[in-house]
Ligand code: MCN
């Protein structure tokens, strides 16, 4: 490892601009003549639109135009799509309801966009939006899955009888039923995975600019995947042809999944710009974000695990209902199916698993992938059930897990995933040691002496990052390929620009990606520029989600560097009159091994561009491209241990220690990885203790639409985390790397709830475990 190469704890290059306030976000962008937009949103959860009277809104001074869904339809703008086809177990395709970017005929959740107002100022746009007279005829609404399925429930989409989207299954049900029937013990647990609201620091924003002179569109937007946005907006929404649309996602202040999707606002602002002849900017306010950013989770499940007399698992049966909200968001269908049920084997050797997943429309905000996307739901279910089983069987939770761990790889689970490596015992050991697990009994006695209840909880999670290969995901219904691209441009003076299809919105790519180049080409990280987030600058890419940028994005860079290296060695060998095989690249030099013959890196790069003395058949220049499609997912895994003290009088939980021991394979930058784990664990603890999205069951109003009502975790809610890592390299990418961006949010919630239920001696506790919920569970 060089001082700045792989494994170095280098400070983030990008933080200089962020902490000095010099970041450039979508709302910082301006174009001459730019105007401001407000969306008129449905105040009702479910209503017919009988008409829209624009006269009062158009009369507000400064208003340029008020556009509605009828006009959008006239101009041929398409409906929003869900890009992953799921078939029900009877073979029928999922019931995808029509989602117009501006609603026509009907609105289906509070916040559904009905019209856009474009005005000189934001204030004028707001005033006009309030003046727009929409004639709604309110319809009864359903907000829960129970209500959605009830006899006579209002139908949200005509093509989804019973409000059901699909009824999907995976695994061998008969084999699982046989295992349950012959089991020595069956643990059965009902689990709710609470709905979450993402809350990225920067609200969503977009600036749509149609340049009439060039017949060209530019969209600045808060996106995690600008190329996918361009593709979807041109191929499906008919906004503009791909070659005439530039999408730029500049600095983006966090996404956590919520900025993967192409929302109505991007489409409508681009269209409105052409229609009105002015550039149109929209920036969400915080309550608008609560109402319209795709929510996460919202599952209700039952799990049954069958054990033999030796406490080995013989089968697992899962029944899950998932709430997808008023419309099917872009990847919503894949979250409760292929991103969830395929991880139900956890870290365990389970001969047979069956899962049945039914999804429903409700009159609520659409639900889609949110940090972890399906994997937190799977690990919460499995790890709550394993802890419950240990309590029922009267054995140590660690021993029960260890007995059932998969220890041989590759391991084919009964639910598609083939784990390619790992050492689950190592992370369990590391976590138990760091948590001083053996000292727990003494700490518990001390707490008791102080009138407090102490508990400890484990969670041994596994997750799958860097969804792949494209061929496999395509066969499962994905509408896109999940490779990544890179172009490594070595300039004549030796500096390097890397165009990557990944998008950094807090993950530190400008640093870690440069560290990879530094490691491989022996240059300093300040010599390397990472370019991302602009479809005019970067070749087609697939963006950032599913903790794929390390495993997939960096692997593409690595492959492009392979090609650069090969050519650089050819040029150096020619100039040094040596054999290509003898050239080594290190410390900014190309050396002939075993001799003192040396060429400086910049001498070689200049030679590549002057092209005065290149070997025969070698093209001038030094610039290479690669597309990388991994052979498998990468499988980060680990053990999280949470220890809590509960106040029996108030139900207040204090996390006294939290240990995360994770296997991320090769680590590029330990400081960035620690930060990713800290952020993920904080989000997981937020889900476990604080965050709960609530709707009024009658009216469908979002009750938690501000920070007054929705509790995000703050520093004083959290302990200092202990982060450990173990290492087994991933064989599925050239770097041996496994993703780290979501692990914290996946592993931590079950550890927290397992700890609290251990402390209070009642296993029946839902998230968020607020003091009131814990107190009620203690009294139950
Ligand atoms: N890394 C490393 N060594 C490893 C694995 C990763 O040094 N073994 C580095 C990578 O080079 C990268 C960072 O860690 O700089 C995260 O890499 P990776 O796990 O590949 O995740 P992505 O970069 O693809 O980021 C996506 C992931 C997801 S899916 C969510 S959700 C999430 C997360 O990242 N959203 C975030 N972390 C976030 N962090 C911030 N600040 N903001 C978000 O919106």
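A search for C-beta distances below 9 Å between a residue of the range 233-255 that is at positive phi and any residue that is within 16 Å of the ligand (Cβ to nearest atom), counting only pairs 6+ apart in sequence or on different chains, returns 254/198; 254/199; 254/200; 254/201; 254/202; 254/505; 254/506. Cβ-Cβ distances below 9 Å connect no pair with a first residue in the range 87-116 that is closer than 20 Å to residue 133 by Cβ, a second residue that is surrounded by 22 or more Cβ atoms within 10 Å (Cβ to Cβ) and modelled with pLDDT under 95, and a separation of six or more residues or different chains.
Do we have residue 736 as within 21 Å of residue 657 (Cα to Cα) and within 16 Å of the ligand (Cβ to nearest atom) here? No.
Residue count for the range 397-428 under the criterion of being in a helix (DSSP H, G or I) and touching a residue at least 12 places away in the same chain (Cβ under 8 Å): the result is 12. Annotation: of all residues in the range 662-694 being in contact (Cβ under 8 Å) with a residue 40 or more places away in the chain and more than 14 Å from the ligand (Cβ to nearest atom), the one that is farthest from residue 145 (Cα to Cα) is 685.
For residue 486, the requirement of being within 16 Å of the ligand (Cβ to nearest atom) and crowded, with 18+ Cβ neighbours inside 10 Å is met. Candidates 434, 398, 430, 468: the one that is modelled with pLDDT under 95, crowded, with 17+ Cβ neighbours inside 10 Å and more than 21 Å from residue 352 (Cβ to Cβ) is 468.
Taking into account only those residues within the range 559-588 that are at pLDDT 95 or above and either within 22 Å of the chain's Cα centre (by Cα) or not in a helix (DSSP H, G or I) (or both), which is farthest from the ligand (Cβ to nearest atom)? So that I can check it myself, show each step before the final result.
Applying the first criterion (at pLDDT 95 or above) to the range 559-588 yields 559-585.
The next check asks that each one be either within 22 Å of the chain's Cα centre (by Cα) or not in a helix (DSSP H, G or I) (or both); those that pass are 577-579, 583-585.
On the way: 577: 39, 578: 35, 579: 35, 583: 28, 584: 25, 585: 22 Å.
Checked the range 559-588; the qualifying residue farthest from the ligand (Cβ to nearest atom) is 577.
Looking across the range 626-661 at every residue that is outside any loop (DSSP other than H, G, I, E, B) and within 16 Å of the ligand (Cβ to nearest atom), the one that is surrounded by the fewest Cβ atoms within 10 Å (Cβ to Cβ) is identified as 628. In the range 502-521, of all residues being touching a strand residue (DSSP E or B) at 6+ places or on another chain (Cβ under 7 Å) and closer than 17 Å to residue 563 by Cβ, the one that is nearest to the ligand (Cβ to nearest atom) corresponds to 513. Close contacts from the range 209-225, counting a first residue that is closer than 13 Å to residue 273 by Cα and a second that is part of a strand (DSSP E or B) and within 16 Å of the ligand (Cβ to nearest atom), with Cβ to Cβ under 9 Å and a gap of 6+ residues or different chains, come to 220/205.
Residue 475 falls short on exactly one of the conditions (1) without any contact (Cβ under 8 Å) to a residue 60 or more places away in the chain; (2) touching a strand residue (DSSP E or B) at 6+ places or on another chain (Cβ under 6 Å), and that condition is (2). Do the conditions hold for residue 623, that is, is it surrounded by fewer than 23 Cβ atoms within 10 Å (Cβ to Cβ) and over 30 Å from residue 494 (Cβ atoms)? It is false that residue 623 is surrounded by fewer than 23 Cβ atoms within 10 Å (Cβ to Cβ) and over 30 Å from residue 494 (Cβ atoms). Among the conditions (1) part of a helix (DSSP H, G or I); (2) surrounded by fewer than 17 Cβ atoms within 10 Å (Cβ to Cβ); (3) within 16 Å of the ligand (Cβ to nearest atom), the only one that residue 712 does not satisfy is (1). Does residue 314 satisfy being under 24 Å from residue 147 (Cα atoms), more than 16 Å from the ligand (Cβ to nearest atom) and touching a helix residue (DSSP H, G or I) at 6+ places or on another chain (Cβ under 8 Å)? Considered against the rule, which asks whether it is under 24 Å from residue 147 (Cα atoms), more than 16 Å from the ligand (Cβ to nearest atom) and touching a helix residue (DSSP H, G or I) at 6+ places or on another chain (Cβ under 8 Å), residue 314 comes out as no. Here the range 172-201 is the region considered, the condition is being in a strand (DSSP E or B) and closer than 18 Å to residue 374 by Cβ, and the residue that is farthest from the chain's Cα centre (by Cα) is 191.
Residue count for the range 524-558, restricted to those that are part of a helix (DSSP H, G or I) and either away from the ligand (no atom under 16 Å from the Cβ) or within 17 Å of residue 231 (Cα to Cα) (or both): 2.
For the range 373-396, a residue qualifies if it is more than 30 Å from residue 153 (Cβ to Cβ) and in a loop (DSSP other than H, G, I, E, B), and the qualifying residues are 394, 395, 396. Criterion applied to 137, 169 was being under 23 Å from residue 328 (Cα atoms), in a strand (DSSP E or B) and either free of Cβ contacts under 8 Å to residues at least 24 places away in the same chain or touching a strand residue (DSSP E or B) at 6+ places or on another chain (Cβ under 8 Å) (or both), and the one residue passing it is 169.
When each of 369, 373 is tested for being in contact with a strand residue (DSSP E or B) (Cβ under 8 Å, 6 or more places away or on another chain), within 16 Å of the ligand (Cβ to nearest atom) and at positive phi, the lone residue that passes is 373. Residue 618: in a strand (DSSP E or B) and at pLDDT 95 or above, yes or no? So residue 618 does not fit the description; no. Residues in the range 4-18 that are more than 25 Å from the chain's Cα centre (by Cα) and over 21 Å from residue 725 (Cβ atoms): 1 in all.
The values are calculated or read from the model by the stated rules, or taken from the named source; none is laboratory data. The structure displayed is predicted, hence computed values, not measured ones. Reconstructed Cβ throughout: ideal geometry from the backbone, glycine too, with neighbour counts over all protein chains shown.
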